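Report on the following structure.
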Ligand code: PAF
């Protein structure tokens, strides 16, 4: 497994692989890798000749400086996980390499970023779109892999690729869960044992929302209320939002039809957790 820190070295490696006719799969990450990331890498390795993983904690997508400061890192464990999975190249640049002094170009998106996390995390998706755009320009992948756990991010990136005529395909991969249902996330490590136990309430609410729709409930308010009332049974959980939106446009809907995205965000202590379900009505 190779590792690069600069854009130039990464491009040189990719160019030489492309010259040999290899396809490139790409998994962008912010490190502190877990089984969720591993499943993206495995899919990329299955489907491509070479797999590149980027590890870069992108300051531009954090609206809260404390959140950025406390973002967990473990470079050695990340390298080991990538190596074991069979990744070919890790691109792990510093902030100055990605954002040169004077950087002032941003990728901003309307509509899809107005609801859910876009509403509660100011400029988050602008930061995500900008860095993912840059990473795509550096790595020039044929396929890039993103988790369904961040459903809005996945939709936003798919739309950006389409709107900006980018020459790659985005592949969405299923959420990986702990045995008690909690979606795997780097943030879970910030939960103390009591909070970790409490956090399972989120997937319970998500599963309940999906079950209700699956079993025929078509009243959005009733589904949202049922999800909220489950979350409210956990004293350590503070609801950020519970919403059901259009599963393609992330816009508010009046009726449950077509593809719907149910998502909830909660705080357990200082840790913000999200989870979702997608359902074809
Ligand atoms: O999902 C993430 O880890 C990040 O948002 C991403 C896509 C790597 C961009 O920084």
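The values are calculated or read from the model by the stated rules, or taken from the named source; none is laboratory data. This structure is a prediction, so every number in the text was calculated from the model and none was measured. Ideal geometry is used to build each Cβ from the backbone, glycine not excepted, and the neighbour counts take in all protein chains shown.
Condition (residue is farther than 20 Å from residue 148 by Cα, within 14 Å of the ligand (Cβ to nearest atom) and in a helix (DSSP H, G or I)) applied to the stretch 43-66: is it met by at least one residue? Checking the stretch 43-66: at least one residue is farther than 20 Å from residue 148 by Cα, within 14 Å of the ligand (Cβ to nearest atom) and in a helix (DSSP H, G or I).
Considering the conditions (1) more than 24 Å from residue 90 (Cα to Cα); (2) in contact with a helix residue (DSSP H, G or I) (Cβ under 7 Å, 6 or more places away or on another chain); (3) surrounded by fewer than 22 Cβ atoms within 10 Å (Cβ to Cβ), residue 175 is excluded by exactly one of them, (1). For the stretch 67-97, the candidate set comprises residues that are in a loop (DSSP other than H, G, I, E, B) and away from the ligand (no atom under 14 Å from the Cβ); within that set, the residue that is nearest to residue 11 (Cα to Cα) is 88. Within the stretch 140-167, being away from the ligand (no atom under 12 Å from the Cβ), in contact (Cβ under 8 Å) with a residue 60 or more places away in the chain and in a helix (DSSP H, G or I) holds for one residue alone: 155. Remark: residue 194 falls outside the filter, which requires a residue to be within 19 Å of residue 246 (Cβ to Cβ) and either in contact (Cβ under 8 Å) with a residue 24 or more places away in the chain or within 15 Å of the ligand (Cβ to nearest atom) (or both). For residue 112, the criteria (1) more than 28 Å from residue 42 (Cα to Cα); (2) within 14 Å of the ligand (Cβ to nearest atom) hold in every case but one, which is (2). Filtering 36, 31, 25 for residues that are part of a loop (DSSP other than H, G, I, E, B), at pLDDT 95 or above, within 16 Å of the ligand (Cβ to nearest atom) and in contact with a strand residue (DSSP E or B) (Cβ under 9 Å, 6 or more places away or on another chain) leaves a single hit, 31.
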